[in-house]
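The values are calculated or read from the model by the stated rules, or taken from the named source; none is laboratory data. No experiment lies behind these values; they were computed from the predicted model shown. Cβ sites come from the backbone with ideal geometry, for glycine too, and all protein chains shown count toward neighbours.
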């Protein structure tokens, strides 16, 4: 049965209609005409009728009473984060892997739940482990209700605990830890007989400490966060060609980027037992000794490395001077969503293979930016030059003259034009130049992951004073990245478009309210907002009913 509006002349009448089937056909018959719709609405009779009927429909009566403030709320919990990410946690077997690692240990609290709480907190809120303890109070995260702050600290220490004298226990001041075994098991569950890491993206960043920074990890070094006054650590992240996080490595803050690449390659082979590794890394990782080692018979590793165009004489004087023709890989953009234009050419110097890449769009932008800077410099030099030296963008175009004054370096301006829109790669692969260039462009995935780790996931602040807890703290951010990527891959497979911030907003605002009504307990679910519905669909999780009675 249902209500239907029947129009007769200038008036509309409200009817109660029933559908029925006769001889295979569906028909409707009018059970009752309630009255003129405008009269029912203006007199309040329709509202009174519907409210009277609610007595015979308990669920609608609860919703109506709750909207009118006539129920007694008992508990309000945010349920979205656990509903989606607990399913992904199970799909990745993270709970099972953690429990296996705990088999020989006897903790008086649930370590797996403590790790789960910390990881989910990283996805939805910034802050330290102390903040995670307070944050949990508003969320439904089964099994975490009895956890206290010292339990979270001990769970972090367990993850970062050194494993002693196992093979490869210490490389570049980095001990082999519990977290390493977990990363290896995560890789093993996706392994097949022909597993190989054909392409690996690797990059590093620095993360500073508000506190002391541990016994060995916290050291002063070149800070990418522009905080050289604080101790820091160097974090390396390794992704496969699909953007799947393989592992994270931690080193003391005074470790140079160029020294991290070879240990990572060695540890990938030792830890994941793969046949071959092809490493893709930025120009901060490159040196003559590094390339020699990668090409050595002992290591025999393929690589695509960004070259320092200005600092390496062979690149600036010979590679960029090559007059060979470019091959177009991607044409000029026709629309804003089209891929950026790309041209490539191969240059071989003796036995060293280089790929020169050119983005015409970026070349024009670089030229326009430099022209604007130079024109502004000419005007400023006429007024005085002392204030210009503090500006790094200006300083590279100036040269000193007698009397401690500066003039425009015209040769430098011409020289910089050689680099507009270009980048140079060095590789020992035999693939076509366009394949090498496109593979290197995917290195942005690592940079995006680092931005996520340091902003969305907010690895900082880190107040821990022990190396073990610091390693565990960062590893929980790695696991959060893993869950994020797992959900993204499922969304991609379903052809969905989404905004990560809208997924988090939608899940974070999904509430369940437990309320008392006429001596019974009911649970009401809030409306789904943002992109939360896409996350539920991708994770294969059904939304809770709008209303249910609690047993």
Only one of these conditions is not met by residue 242: (1) at negative phi; (2) touching a strand residue (DSSP E or B) at 6+ places or on another chain (Cβ under 8 Å); (3) in contact (Cβ under 8 Å) with a residue 24 or more places away in the chain; (4) in a loop (DSSP other than H, G, I, E, B). Which number is it? (2)
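Looking only at the stretch 409-420, count how many residues are exposed (fewer than 15 other Cβ atoms within 10 Å of the Cβ) and touching a residue at least 24 places away in the same chain (Cβ under 8 Å). Steps first, please.
To start, the set of residues in the stretch 409-420 that are exposed (fewer than 15 other Cβ atoms within 10 Å of the Cβ) comprises 410-412, 414-415, 417-418.
Still in the list and also touching a residue at least 24 places away in the same chain (Cβ under 8 Å): 417-418.
Total meeting the criteria: 2.
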When residues of the stretch 215-241 are filtered for being under 19 Å from residue 469 (Cα atoms) and crowded, with 21+ Cβ neighbours inside 10 Å, how many remain? 9
A careful count of residues in the stretch 482-520 that are loosely packed, with under 15 Cβ neighbours inside 10 Å and in contact with a strand residue (DSSP E or B) (Cβ under 9 Å, 6 or more places away or on another chain) gives 2
Evaluate the stretch 31-48: report whether one residue or more is loosely packed, with under 11 Cβ neighbours inside 10 Å, assigned to a strand (DSSP E or B) and at pLDDT 85 or above. no
Is it the case, given these coordinates, that residue 530 is surrounded by fewer than 15 Cβ atoms within 10 Å (Cβ to Cβ) and at positive phi? no
Conditions first: (1) at pLDDT below 90; (2) surrounded by fewer than 21 Cβ atoms within 10 Å (Cβ to Cβ). Residue 423 passes all but one, so which condition is the exception? (1)
Look through 522, 517, 536 and report the one residue that is farther than 20 Å from residue 117 by Cβ and modelled with pLDDT of 95 or more. 536
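Residue by residue through the stretch 242-282, note down the ones that are surrounded by fewer than 19 Cβ atoms within 10 Å (Cβ to Cβ) and farther than 30 Å from residue 215 by Cα. Quick ask: steps written out before the conclusion?
Let us first name the residues in the stretch 242-282 that are surrounded by fewer than 19 Cβ atoms within 10 Å (Cβ to Cβ), namely 242-244, 254, 256, 258-259, 263, 266, 269-271, 273-276, 282.
Once the filter is applied, which keeps residues that are surrounded by fewer than 19 Cβ atoms within 10 Å (Cβ to Cβ) and farther than 30 Å from residue 215 by Cα, the stretch 242-282 yields 242, 243, 244, 273, 274, 275, 276.
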Give the residues of the stretch 462-505 that are part of a helix (DSSP H, G or I) and more than 17 Å from the chain's Cα centre (by Cα), sorted by residue number. 467, 468, 469, 470, 471, 472, 493
Check on residue 141, assigned to a helix (DSSP H, G or I) and either modelled with pLDDT of 90 or more or touching a helix residue (DSSP H, G or I) at 6+ places or on another chain (Cβ under 6 Å) (or both): no
Of the conditions (1) within 21 Å of the chain's Cα centre (by Cα); (2) modelled with pLDDT of 95 or more; (3) within 24 Å of residue 511 (Cβ to Cβ), residue 115 satisfies every one except a single condition; which number is it? (3)
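Listed here are the residues, each with its yes/no results for (1) at pLDDT 85 or above; (2) in contact with a helix residue (DSSP H, G or I) (Cβ under 7 Å, 6 or more places away or on another chain).
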{"site": "217", "(1), (2)": "yes, yes"}
{"site": "234", "(1), (2)": "yes, no"}
{"site": "258", "(1), (2)": "no, yes"}
{"site": "263", "(1), (2)": "no, no"}
{"site": "273", "(1), (2)": "no, no"}
{"site": "281", "(1), (2)": "yes, yes"}
{"site": "289", "(1), (2)": "yes, no"}
{"site": "296", "(1), (2)": "yes, no"}
